[in-house]
Amino acid sequence: MKEDYAKWMLEDPRVNFAISKQAGGNVGISHLGIQAEDEAELTEVYDRLTRAEQPIVEAKATTCCYARSHKKWIADPQGVPWETFFTYGEAEVYGEGSLAKLREANERATCGCEPPFAELAPEPAAEDACCSPSCCA
């Protein structure tokens, strides 16, 4: 728990819920997550995501939500973002904007202007930019 962030886990199924009051954030559910216990389990979840045939944003060795993780983002059919991740350490800052990259990828796919996958790789952002909204340029 931090001043602007709280996270808790359900054990069965293993789903991560987080609440954040980052600047510019929307009210309501920001995103949901599936936390893997190790990299092998993360690989299994990644394989399942690929079969969904939806835009996926990968963020390796990223800092987000006060943690260091490997993760991939995908949106469910209702547009709710889901992250699948393996956390391997804590961080002092909230992190970077990989969720914003997923929103951008989904908007581009919807309007038929999706870029090659390599262009979807997350870029470092300001400390308070993790999970902030973005729009299709």
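The values are calculated or read from the model by the stated rules, or taken from the named source; none is laboratory data. Only a predicted model underlies this, so the values are computations on that prediction, with no experimental measurement involved. These accessible areas exclude ligands, DNA and RNA; they are computed on the full protein's heavy atoms, side chains included. Shrake-Rupley method; radii C 1.70, N 1.55, O 1.52, S 1.80 Å.
Residue count for the stretch 25-59 under the criterion of being open to solvent by 40 Å² or more (accessible area, probe 1.4 Å), modelled with pLDDT of 85 or more, of a type in the set (A, V, I, L, M) and closer than 26 Å to residue 93 by Cα: the result is 1. On inspection, residue 62 qualifies as over 17 Å from residue 16 (Cα atoms), modelled with pLDDT of 85 or more, open to solvent by less than 30 Å² (accessible area, probe 1.4 Å) and β-branched (Val, Ile, Thr). Checking each residue in the stretch 71-93 for being under 10 Å from the mean Cα position of the chain (by Cα) and either of a type outside the set (Asp, Glu) or open to solvent by 40 Å² or more (accessible area, probe 1.4 Å) (or both) picks out 71, 72, 73, 74, 75, 81, 82, 84, 85.
Summed over the stretch 54-108, residues that are on the phi > 0 side of the Ramachandran plot and assigned to a loop (DSSP other than H, G, I, E, B) total 3.
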